[in-house]
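In what follows, a single structure is set out as structure tokens and then discussed.
Values quoted throughout were computed directly from the atomic coordinates according to the rules given, and no laboratory measurement underlies them. Everything quoted here is computed from the prediction, not taken from an experiment. Note that each Cβ is placed from the backbone with ideal geometry, even for glycine, and that neighbours are counted across all protein chains shown.
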């Protein structure tokens, strides 16, 4: 449910064969399309901080499941809350989860990847072995288990999804780093007696930032889908915080009589995921295609 | 090559061992007392303590680990705290269901992905090729449980063609097919979209190869050239990816089983979490982890066999 | 209203079946047996115009609460005994459809003048499904085994002092003190009769004397019964019963729409009932339940220990809105801890009517402001919906409520009932006469009142219905005044039945769901 997207996007293209070091400036339409959708979601989140048509947590059970009207643009849900306001405010949780997931995933994955590449034999091998073990725990499975251990919350979801993202990040960062290290300026820096930390900060990180941006975009897409799935299973964002996943869960019971309650949050999830996926794809095409990594 | 294979199997075994430690100790600290949860409020402390002893949850963790892991591999996974019947048969039954569902999902995914991916590649400079690509992008963006809910709403409730949920074993024949159709579709749609992207990329790659250019130079249309020369080569990475997707489909099935009330690993896991059924959670998580690792191992072992290019490289 | 509607529908058919039903729930007599003739070909598919039910038929019933296992002596939750009691297991007495106590394995009984000795004359010729004979030894064994129960309120029969065997088919149960409720509790799960040979695997097998034999339970998926052809009483109306378990109300509702099951009991797909009512093939049967959805307020909390604060919270909650959100408006608003079917029910809904201003005044007079409370919410749809409305209501009077979702049963039971670590919590107490727990200060409600305990004792010592009811009424009044909880609503018991299915119990009496009268016509 969640890892599959990581696999799909990070490895959706086979490695280019030798002799194809053509620098393409492709991907621009994808970047524009993805960027637009992502911006839309970001704007929703920012606007919802300052204004929503109604209070998204105010219940009005007498007017539950109301059709769209001037007061309730998209109607109301099973508790009489304003769906439009909830969809707006519901963008914050997925984005926060995405941000947290990427932060956790990068904090763990980037150092592992760089260190593993720099100490390719010995320690590096063991690091990647540990990474493989982590990879055996699919993110959603990890999230379910952590929710069982520590209770369902946004924090456990972020931790689990971040842990789930990390191995993929580590792998990609490792190969990116290996490429950087094989370049002349790296070799020169090494010859000049620069330490590994200098090398990592001055040469590796700036040169793999393209990869990192792509991974971040992908991580957001994964996190938003996973948050929706977890909330749907009742293991994600607890009430009353509006989140698209929770709205989908709530709407499930009234799908037959009020399909709008599920249509809007469903579309919101799809738009956000599509946006981040397109952005990730476009950026990958734009940055050095040789950075594409399969195992 | 044999040595390499043996090394991989060794690494697999080691990984399974470490993973089992992680699973056990992570779940060993699970909050919630299974004995108390089982007995409810009215039980006295003595009764609860007695059940703790009976369930063995009062013994030291290393002892419990050893018992559990040896039991796990001999099929004696212990007794469920909730159902108080052996975990082994329950997990195996659920595993069969999940595997069938995943196979169904892969079937659907391949049926969607191959035509869509090939068309998108062959016509990638034309509007309809872009449309196919767009479709697969959109497919990836829809949560599979939402796809499941919509399928139920349309094909079960509105049209009444297929059951809305439940499960029948394969011996039930047509009834089995009727029950697996919608969940497999929900599972396969999303993964089919993912697979379509791999297929498209693989086919595009093959089309750039020299022999394809030659074929086209000789006057064959791109489609015909592809079918005659390139498809087999293009399918190699697709097959690899399909096996990788297998592991991901198992996770996708967790949610789909809940939507369609299917007694597989996923729904059993979710219920075990609600019951704080420690032994059950451990066994299912371990089962999934081993499956994921096993599929990875098989892919690793088979990749050189099915892809000659990789054999030379390594 | 809805009950009468349903009953009318049943009687309208004017068939022998309806006539049978009309006689009484008990005297079901030959109705089932009369249907031995094979299926009478095709019906025109209209109303239930069957000329006879098909006794070879099987019925598939969707259920909405999953038994963890089969042992209701040690497993809490109603799901287990609801399925097994009256169908597989039987007790000395039973509750009929109207909630009256009727003979079952005891033909008759006498109660001594001091109310402390019950002498039962037992049915002869009754055997368990495994062939064990039912006699006085079984009764003694089963009732003495109550000490080993750890679920389903065994303390309700704590008054049982000894069980004396008079002869093979006569036993005397002696109480240490009078207990007016003893027969009532004997009619429930606590009164089930067990064979000594089968108590070791109660969790995985069920061996009783009932009209159905237990066939199989596929954990959390389905349970199967087959008609007991050697049943001592009238044989069951269907050859087999399949109970299909759903953890999601709308999944169950979808199943009956698409023909996956013939009926659903305990349905909570409230939002779909209206659309079902419009469909001719599916009948919605709204009956009563024993459930009390109550928000409890922990008296260990400094502010909540004050009468004014609890009253303020009570008055700040709009129960109509809570019920609309939780059950789409189905059910009865409660003002006190008893439900309309209780013999001692009084309508207290006017006592703390919804009035946020009055609530605010009460809080002010208690000198409480900036009140922040943690609200533990079991992860059940009705509870989550109710809690969110309550949270919104309480914010109106400046009370800040944080919702804490907890998985039910494991986590919720542990945190609230065992650790009693909550400010507010909510649950639907489905067990009958559950207000009896206000007698125990150690119960998670933490209600500690000498006056109340005296009244409970007075009620238990009653010798007739009026005496019992008047003590209980007085008690209810006291509880409402002290308001240790906010009693929100009494949910309905809703069943859905497809055409041709009849005899499903309408009301939830908090005992077994008697399926022996269910018939399917073709």
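The angle between the Cα long axis of helix A:139-150 and the longest principal axis of the Cα atoms of chain A comes to about 60 degrees, rounded to the nearest 10. Seen from all directions on average, the stretch C:292-490 presents a Cα convex hull projection of 10.2 nm².
When DSSP beta bridges are restricted to pairs lying wholly in chain C, around 75% turn out antiparallel.
Inter-chain neighbour count for C:413-421: the average number of beta-carbon atoms from partner chains within 10 Å of each residue's beta-carbon is 4.
Relative to the longest principal axis of the Cα atoms of chain A, the long axis of helix A:123-135 lies at roughly 20 degrees. The angle between the Cα long axis of helix C:2-12 and the longest principal axis of the Cα atoms of chain C comes to about 20 degrees, rounded to the nearest 10. If I take R0 = 51 Å and measure r between the Cβ atoms of residue C:465 and residue B:96 in this structure, what FRET efficiency does the formula 1/(1 + (r/R0)^6) give, to the nearest 0.05? Calculated value: 0.35. Peptide B:247-254 shows a mean partner chain C-beta count of 6 within 10 Å per residue C-beta. Taking label points 7 Å from Cα along the Cα-to-Cβ direction, residue C:101 and residue C:279 give a separation of 4.2 nm.
From the C-alpha coordinates alone, can you work out the Kirkwood hydrodynamic radius of the stretch A:138-222, in Å?
Computed over Cα pairs of the stretch A:138-222, the Kirkwood hydrodynamic radius comes out at 14.7 Å.
Mean per-residue shielding of peptide B:196-207 is 3, counting Cβ atoms of other chains within 10 Å of each Cβ.
Antiparallel as a % of all DSSP beta bridges within the stretch C:292-490, to the nearest 5?
55
Using the Cβ-Cβ distance between residue A:28 and residue A:194 with R0 set to 30 Å, the FRET efficiency from 1/(1 + (r/R0)^6) comes to roughly 0.25.
Working note: Cα gyration tensor of the stretch B:95-274, eigenvalues times five, square-rooted, sorted largest first, giving semi-axes of 36, 16, 14 Å.
Taking square-rooted eigenvalues a ≥ b ≥ c of the alpha carbon gyration tensor, is chain A rounded, prolate or oblate, where a/c under 1.5 means rounded and, failing that, a/b exceeding b/c means prolate?
Prolate.
With contacts taken as Cα pairs under 8 Å and at least 6 residues apart, the stretch C:89-201 reaches a relative contact order of 34 percent. Put in line by how crowded their Cβ is, counting other Cβ atoms within 10 Å and starting with the fewest, C:140, C:319, B:218 read B:218, C:140, C:319. Considering only A:259, A:138, A:152, give the residue with the highest GNM mean-square fluctuation for chain A, with springs between Cα atoms whenever their separation is below 10 Å. Fluctuation is largest for A:259. GNM on chain A, alpha-carbon springs under 10 angstrom: the most fluctuating residue among A:187, A:140, A:260 is A:187.
Looking at the square roots a ≥ b ≥ c of the eigenvalues of the Cα gyration tensor of the stretch C:47-183, which shape do they give, rounded for a/c under 1.5, prolate if a/b is larger than b/c, or oblate? It is prolate, given that a/c is not under 1.5 and a/b is the larger ratio.
Express the relative contact order of chain C as a whole percentage, based on alpha carbon pairs under 8 Å and six or more residues apart in sequence.
Reported relative contact order: 21 percent.
How long are the semi-axes of the ellipsoid equivalent to the protein assembly as shown, from square roots of 5 times the Cα gyration tensor eigenvalues, in whole Å, largest first? Before the final figure, lay out each step's value.
On the way: eigenvalues 649, 212, 172 Å².
Result for the protein assembly as shown: semi-axes of 57, 33, 29 Å.
This ranking places B:145, C:422 by how few other beta-carbon atoms lie within 10 Å of each, fewest first, which gives C:422, B:145.
Please state the shape class of chain C: rounded when a/c is under 1.5, otherwise prolate if a/b exceeds b/c and oblate if not, all from the C-alpha gyration tensor. Judged from the Cα gyration tensor, chain C comes out oblate (a/c at least 1.5, b/c at or above a/b). Protection proxy ranking of C:117-127, A:225-235, by the mean of other Cβ atoms within 10 Å over each peptide's residues and highest first, is A:225-235, C:117-127. Arranged from fewest to most other beta-carbon atoms within 10 Å of their beta carbon, C:109, A:126, B:167 become A:126, C:109, B:167. If you model the stretch B:117-166 as an ellipsoid using its alpha carbon gyration tensor, with each semi-axis the square root of five times an eigenvalue, the axes come out at 31, 12, 8 Å, biggest first.
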